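The values are calculated or read from the model by the stated rules, or taken from the named source; none is laboratory data. Every value quoted in this text rests on a predicted model; they were computed, and no experiment measured them. Cβ placement follows ideal geometry from the backbone for every residue including glycine, while neighbour counts extend to all protein chains displayed.
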Protein chains: 6
Amino acid sequence: MPYVNIKITKEGATPDQKAALIKGVTDLLVDVLDKSPATTFVVIDEVEMAHWGIGGLPVEAYRQKLKAEKG
Amino acid sequence: MPYVNIKITKEGATPDQKAALIKGVTDLLVDVLDKSPATTFVVIDEVEMAHWGIGGLPVEAYRQKLKAEKG
Amino acid sequence: MPYVNIKITKEGATPDQKAALIKGVTDLLVDVLDKSPATTFVVIDEVEMAHWGIGGLPVEAYRQKLKAEKG
Amino acid sequence: MPYVNIKITKEGATPDQKAALIKGVTDLLVDVLDKSPATTFVVIDEVEMAHWGIGGLPVEAYRQKLKAEKG
Amino acid sequence: MPYVNIKITKEGATPDQKAALIKGVTDLLVDVLDKSPATTFVVIDEVEMAHWGIGGLPVEAYRQKLKAEKG
Amino acid sequence: MPYVNIKITKEGATPDQKAALIKGVTDLLVDVLDKSPATTFVVIDEVEMAHWGIGGLPVEAYRQKLKAEKG
């Protein structure tokens, strides 16, 4: 009866990639814990880039900062 | 001081139905646990069909599969 | 295929009260949105009093403050 | 390695305000718990007004009711 | 920068099984979306049986009901 | 009416530190978005070390690996 929530930044994941995440996580729960697929839920949230922070910055600003530091 | 999060697939729930969910959950917490409505939050998330998985498949593909099996 | 998460402070809800929450929320989703109970999940989280904040304070300190103000 | 999720009603927060939330929460976790910013995630969810309930009502109806009561 | 939350009922998953879930989900996100493991978080919640509802009942009562029906 | 959920690994945060997180997050929402403290909820989850994964490993194993790599 597992429930899995996957949060990713919204930057172009395709329907096929989302279906692959759903299948992969469900298979994993069947393999590792012998869960039933029929009662395994997977919910994917795509989060706007401006709404995801890391290192104290929105993710795009953070990536630019890392890139600038690496010169 | 309860917080309730309701996740449903996005397939046409009306504003009235959403208001009915908010009222129903709040009444339930008042009735069962004597909580105060003024500090009871209910947050509804409508999840895109392609983002909800069950049985290892996105929900529409899963429903079609069930229908085909019953066929 | 709804998923509902109920968060309440941990202050003595009984197993019967928890079962009543599960039944009440499920019935509500059946009544309002015609959802199937067999694919409706309800997960209850009991949160330690010291881990729940409101008004900028842990909940017990907040209640004492309200009481003192009403004096 | 903290993960912080901030849910607010969708009523016009600007990108600068969202960035200020991300920075503020990250700084707080560094100051209070000495966490590393590079592994501190902050995810902001903006929730439609019709999807947020308080006092048994969607938030706009609730605010109108409060205003009416205060006359 | 994904964040994954896995909720399972608390019925004896071992530390090795939990580690296998963490590895499996991380590998999946690397394979499907080319995410970096160093910024992929996986959080597992074990939920008390009495706190998980399905079919309008706590999960143990639900399983007994299913078993009785199959008789 | 914000709701904030803070997840941290369980490694000894004190009640004072948790209260500081509650106060800090609430103040931030007041300062940045002019939210009312009385309807701002903060919920802290302490997650067992074995239940938090990063880099494909439970967090303790991940830290040991990083340390070994730095030699």
Residues being outside any helix (DSSP H, G or I) and under 25 Å from F:Thr9 (Cα atoms) - total across the range D:4-33: 5
Check on E:Gly12, in contact with a Ser or Thr (Cβ under 9 Å, 6 or more places away or on another chain), farther than 22 Å from F:Lys65 by Cβ and small (Gly, Ala, Ser): no
Scope the range A:31-63; condition in contact with a Gly (Cβ under 8 Å, 6 or more places away or on another chain) and of a type in the set (A, V, I, L, M, F, W, C); matching residues: A:Val32, A:Ala38, A:Phe41, A:Val42, A:Val43, A:Ile44, A:Val59
From C:Pro58, C:Pro15, C:Pro2, residue being surrounded by fewer than 17 Cβ atoms within 10 Å (Cβ to Cβ), modelled with pLDDT of 95 or more and not acidic (Asp, Glu): C:Pro15
Residue match in the range A:2-24 (condition: touching an Asp or Glu at 6+ places or on another chain (Cβ under 8 Å) and hydroxyl-bearing (Ser, Thr, Tyr)): yes
Selection from the range F:7-42 of residues that are under 15 Å from B:Phe41 (Cβ atoms) and of a type in the set (Gly, Ala, Ser): F:Ser36, F:Ala38
Residue count, the range C:23-49 (criterion: crowded, with 17+ Cβ neighbours inside 10 Å, in contact with a Pro (Cβ under 7 Å, 6 or more places away or on another chain) and hydrophobic (A, V, I, L, M, F, W, C)): 1
Count of the range D:34-58 residues which are touching a residue at least 40 places away in the same chain (Cβ under 8 Å), farther than 26 Å from A:Leu66 by Cβ and outside any helix (DSSP H, G or I): 2
Filter pass, B:Gln64 being at the interface with another protein chain (Cβ under 7 Å from one of its Cβ atoms), surrounded by fewer than 17 Cβ atoms within 10 Å (Cβ to Cβ), at pLDDT 95 or above and over 20 Å from D:Arg63 (Cβ atoms): no
Residues of the range B:2-24 that turn out to be farther than 16 Å from D:Tyr62 by Cβ and touching a Gly at 6+ places or on another chain (Cβ under 8 Å), as a count: 0
Breaking point among (1) within 7 Å of another protein chain (Cβ to nearest Cβ); (2) closer than 21 Å to F:Val30 by Cα; (3) surrounded by 18 or more Cβ atoms within 10 Å (Cβ to Cβ), for D:Ala20: (3)
Scan of the range E:29-38 for residues that are in contact with a strand residue (DSSP E or B) (Cβ under 9 Å, 6 or more places away or on another chain) and facing another protein chain (nearest Cβ under 7 Å), ordered by number: E:Leu33, E:Pro37, E:Ala38
